[in-house]
1. What share of the DSSP beta bridges in the range 32-205 is antiparallel, in percent to the nearest 5?
2. Given the peptides 112-119, 155-162, 183-190, arrange them by the average over their residues of other C-beta atoms within 10 Å, most packed first.
3. According to a simple spin-label model (label point 7 Å from Cα along Cα-to-Cβ), what is the distance in nm between K202 and S126?
4. Under a point spin-label approximation (7 Å from Cα along Cα-to-Cβ), what is the D75-K88 distance to one decimal in nm?
5. Mind checking the full-extension length gain between Q166 and R189? Use 0.36 nm per residue of separation minus the Cα-Cα distance, one decimal, nm.
6. Can you pull the Rg over Rh of the range 32-205, Cα-only, Kirkwood?
7. Could you compute the net charge surrounding K72? Neighbours are other residues with a C-beta less than 10 Å from the C-beta of K72; K and R count +1, D and E count -1.
8. In the neighborhood of E163, defined by Cβ-to-Cβ distances under 15 Å, what is the net charge if each Lys or Arg adds +1 and each Asp or Glu adds -1?
Amino acid sequence: MGGCGSKGAQTRSPGSSGIKMTNERSDESASGGKVKIILVGAGGVGKTSILLQFSDGLFSADRPPTIGVDFKSQDIKVGTPPFAKTVKLELDTAGQERFRSVISSFFRDADGVLLVFDLTEPQSLSSLDSWLVEVRKHASSTVEVLMVGNKSDLVEKRKVSDEEAQAAAEEFGLKMLTCSALDRPSVIRCLGTLATDILDSKRKRRT
Ligand SMILES: Nc1nc2c(ncn2[C@@H]2O[C@H](COP(=O)(O)OP(=O)(O)O)[C@@H](O)[C@H]2O)c(=O)[nH]1
Ligand SMILES: [Mg+2]
C-alpha cells in the first residue's frame with residue numbers, strides 16, 4: 001500500500017490536511033479496522049495450527065491437540081487499491097472444547113467464519129453442515145463464511161478431492177480454498193480472502 005508521502009506527511013494538522021483520498025469513514029482508512037474471524041470445525045482439523053502459523057509463523061507437529069492457543073491477533077494487508085488497507089485480524093478458536101458455555105458470545109461478534117475441515121478426514125467434511133447450522137443460528141446475519149480444506153501437504157493421505165470439496169462448497173453456497181498449516185502463504189491466502197470478503201460486504205452495506 002503506497003500511502004501518499006512520508007510518515008511525517010500523514011500527521012494531521014487541522015486546516016492543512018490538504019489531501020484526503022476518499023470520503024470514507026475513518027474506520028475505512030488505510031490503516032484502520034479490526035476484523036474478528038473465528039475458526040470452527042471438528043477437533044484435529046488444524047484450527048490452532050492455522051492460527052499459530054498466521055500469527056507466529058510457526059508449525060509444530062507434535063503439539064498435543066488439547067493444548068493450544070485459542071486467540072491471536074495480527075495485522076494483515078487486504079484488498080486492492082483504492083480499498084487496500086491494513087486490518088487487525090483477531091482469530092479465535094475458542095468454543096471447541098468450551099463450546100456449550102461460550103457458544104453465543106463466540107459467534108456473536110464474529111465478522112467472519114473459517115469453516116475448516118481436514119482433507120485427509122472425509123468425516124470432517126461431512127460434519128461441516130452441522131457447524132454451518134450453528135453459524136447460521138448464532139452468528140450475525142451478515143457474517144462471511146469461507147470453507148477451508150486444511151492439510152493439503154499430506155498428499156499421500158488425502159481422501160477428499162478438489163472436486164468433492166468444491167461440490168460440497170457449492171451445496172453450501174460458499175467459496176472453498178485449500179491450505180496447509182505448514183505453508184504460510186496458503187494460510188495468508190485463506191485469511192486474506194475472507195478478510196477481503198468481509199470488508200467488501202461492509203462497504204456494500206454502507207452504500
Ligand atoms: N501435516 C499437517 N498436519 C497438520 C496441519 N494442520 C494441523 N496439523 C496437525 O494436526 C493435529 C491437530 O491440529 P490442531 O491445530 O491442534 O487442530 P484443532 O483441534 O483443529 O485446533 C496436530 O498434530 C497438528 O500438528 C497441516 O496443515 N498439515
Ligand atoms: Mg485447537
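1. On the way: 8 of 28 bridges.
About 30 percent, rounded to the nearest 5.
2. 112-119, 183-190, 155-162
3. Output for this residue pair reads 3.9 nm.
4. About 1.1 nm, to one decimal.
5. On the way: separation 23, 0.36 × 23 = 8.28 nm, distance 1.71 nm.
The Q166-R189 span can extend by a further 6.6 nm.
6. Details: Rg = 15.0 Å, Rh = 16.1 Å.
My calculation puts Rg/Rh at 0.93.
7. Details: positive: none; negative: D56, D70, E90, D92.
The answer is -4.
8. Details: positive: R158, K159; negative: D162, E164, E170, E171.
Neighbourhood net charge equals -2.
Readers should treat all values here as calculations from the given coordinates under stated rules, not as data from a laboratory. All values derive from a computational prediction rather than experimental measurement. Neighbour counts are summed over all protein chains in view; Cβ atoms, including those assigned to glycine, are modelled from backbone coordinates with ideal geometry.
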